[in-house]
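The values are calculated or read from the model by the stated rules, or taken from the named source; none is laboratory data. Here the structure is a predicted model, which means the values were calculated and not measured. All Cβ positions, even for glycine, are placed from backbone atoms using ideal geometry, and neighbour counts span all protein chains on display. When the accessible area is computed, the model is the full protein with side chains, heavy atoms only, and any ligands, DNA or RNA have been set aside. Shrake-Rupley method; radii C 1.70, N 1.55, O 1.52, S 1.80 Å.
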Amino acid sequence: MNENVERLRQWVKGSGNIVFFGGAGVSTESGIPDFRSVDGLYHQQFAYPPEIMLSHSFFVQHTEEFFDFYRKKMLAPQARPNAAHRKLAEWEQEGKLKAVITQNIDGLHQMAGSHEVLELHGSVHRNYCEKCHKFYGIESVTGTSGIPYCTCGGVIKPDVVLYEEELDNHVMQRAIQYICQADVLIIGGTSLVVYPAAGLIEAYRGDKLVLINKSPTAVDRRADLVVSGPIAEILGGL
Ligand SMILES: [Zn+2]
C-alpha cells in the first residue's frame, strides 16, 4: 500500500468537512476529452482552434459553426460518472464532504448523486434564450441541428462560460467560502495553471491540502500531500 494513499485515507476518515476541487482530468476518465489539450484532430476537422471556436465573439459572429463544434466536441451524452464521481457523492451522503467545485460542464457529478456542485464554467444541461431568458434543457441542442431557436425567435445559448466571458461571481464567492472553511481540500485532475484555480487555493487555511494528479504540477510544493495516479483509481480505491 502506497503510504501517501494511506495518509489520504486517514485524513478522509477523520474529517467531516472535505471540499473537492476538480478539473478536466476528472472527466477524461469518463471518456470526455479535455478540449484545452492540444488535439491534432481539431485542425483536420475545423478551421479554427478550440479556444477561438469557444469564444464569445465567435459565438456571436459564427453562431452556426459554433454549434457545429459544440455538438461534436463539447457534448458527450453517452458519458457516465466514474469511480471518482461516485466516491465524492458517497462522501456527501455520509456528511463528510461539503461541496464539489468543478471546472467541468458535463453534469457528471450530479449524475453520480452529488447535490452541492459549484460549476465554475457552467453546464451543458442549462440553456437560455438570449432574448426572453426562457430555460431549455440539453435536448434543445442535442435534438436540433443548426442554430437552436426559442419559440420567441431568440437564439438559445448554452449556460457555459466561453472564452472572453466572466465567471459567475456568485458561484466564485461560494467556492471561496467553502474552501476557506474546509478541513481537507482535495484537488484533482487540474494542472492548476488555468484561472481561477490558482487563486482559489489561496483561500485555503488548513494544513491538509491534497493534490491528486497523473503528472507533477506547479503547486506540488504548496501541497501537504501529493498522490500520483489516475483520480478515478485513487478515489475509487479509498
Ligand atoms: Zn425566447
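For labels at Glu65 and Lys214 in the simple 7 Å Cα→Cβ model, what's the distance in nm?
3.0 nm
Length gain on complete extension for the stretch Arg7 to Thr144, per 0.36 nm per residue less the alpha carbon to alpha carbon distance?
Full extension of this stretch gives 44.4 nm more.
Putting +1 on Lys and Arg Cβ atoms and -1 on Asp and Glu Cβ atoms, find which of Gln110, His56, Met74 reaches farthest to the positive end of the dipole of the chain.
It is Gln110.
Counting only residues 5 or more places away or on other chains, whose amide H sits under 5 Å from the amide H of Asn127 once H atoms are built in the peptide plane?
Tyr136, Asp159
Residue by residue through the stretch 21-33, what is 3J(HN,Hα) from phi via Karplus (6.51 cos²θ - 1.76 cosθ + 1.60, θ = phi - 60°)? Round to whole Hz and write x for glycine and proline.
Couplings: 10, x, x, 3, x, 5, 8, 4, 6, 9, x, 9, x Hz.
Would you please state the base-10 log of I(q)/I(0) at q = 0.24 1/Å for the stretch 57-101, with intensities from the Debye formula using one equal scatterer on every alpha carbon?
Normalising to I(0) and taking log10 leaves -0.80.
Once amide H atoms are placed 1.01 Å from N in the peptide plane, what residues at a sequence separation of 5 or more from Lys208, or on another chain, have their amide H within under 5 Å of its amide H?
Those qualifying (amide H under 5 Å, at least 5 residues apart or on another chain) are Leu185.
Over the stretch 96-206, what number does the Rg to Rh ratio reach, with both radii from the alpha-carbon atoms and Rh per Kirkwood?
Value, to two decimals: 1.03.
Using amide H atoms built in the peptide plane, which far-off residues or other-chain residues are under 5 Å from Leu118 H to H?
Val100, Ile101, Thr102
Considering the options Leu200, Asn213, Val160, tell which one lies farthest towards the positive end of the dipole of the stretch 130-225, charges being +1 on Lys and Arg and -1 on Asp and Glu at the Cβ, about the Cα centre.
Selected residue: Asn213.
Could you sort Lys208, Lys87 by accessible area so the largest value comes first, with the probe set to 1.4 Å?
Highest to lowest solvent-accessible surface, that is Lys208, Lys87.
Taking the mean number of other Cβ atoms within 10 Å as a proxy for protection, how do you rank 22-34, 223-235 from highest to lowest?
Result, highest mean first: 22-34, 223-235.
If each DSSP helix of 4+ residues adds -39,500 (n - 2.57) and the sum is divided by the residues in the chain, what number results at 222 nm, nearest 500 deg cm²/dmol?
Per the formula, -8500 deg cm²/dmol.
How many percent of the accessible area of the chain is carbon or sulfur, using a 1.4 Å probe?
50 percent
Roughly how big is the stretch 98-217's charge dipole about its Cα centre, with Cβ charges of +1 (Lys, Arg) and -1 (Asp, Glu), in debye to the nearest 20?
It comes to approximately 160 debye.
How big is the shadow of the Cα convex hull of the stretch 2-141, averaged over all directions, in nm²?
Computing the convex hull of the Cα atoms and averaging its projections yields 10.3 nm².
Once R0 is set to 25 Å, what does the formula 1/(1 + (r/R0)^6) return for the Cβ-Cβ distance between His170 and Asn17, expressed as a FRET efficiency to the nearest 0.05?
Calculated transfer efficiency: 0.70.
For a quick check of understanding: with a 1.4 angstrom probe and all protein chains in place, what accessible area in square angstrom does Tyr48 have, to the nearest ten?
Spelled out: Tyr48, probe radius 1.4 Å, area about 80 Å².
Using θ = phi - 60° and the Karplus form 6.51 cos²θ - 1.76 cosθ + 1.60, what ³J(HN,Hα) does each residue of the stretch 94-102 get, whole Hz, x for Gly and Pro?
So the Karplus estimates, Gly and Pro as x, are 7, x, 8, 10, 8, 7, 10, 10, 9 Hz.
Residue-wise, which Karplus ³J(HN,Hα) couplings in Hz belong to the stretch 116-130, taking 6.51 cos²θ - 1.76 cosθ + 1.60, θ = phi - 60°, and x for glycine or proline?
So the J values, rounded to whole Hz, are 8, 10, 9, 9, 4, 10, x, 8, 5, 7, 10, 9, 10, 5, 5.
Find the eigenvalues of the gyration tensor of the Cα atoms of the stretch 44-127, then list the square roots of 5 times those eigenvalues as equivalent ellipsoid semi-axes, largest first, in whole angstrom.
For the stretch 44-127, the ellipsoid semi-axes come out as 31, 13, 9 Å.
Obtain the radius of gyration and the Kirkwood radius of the chain from its C-alpha atoms and give Rg over Rh.
Checking Rg against Rh, the ratio lands at 0.99.
Accessible area per residue for the chain in Å², computed with a 1.4 Å probe and the full protein assembly in place, what is it?
Roughly 49 Å² per residue, with all protein chains present.
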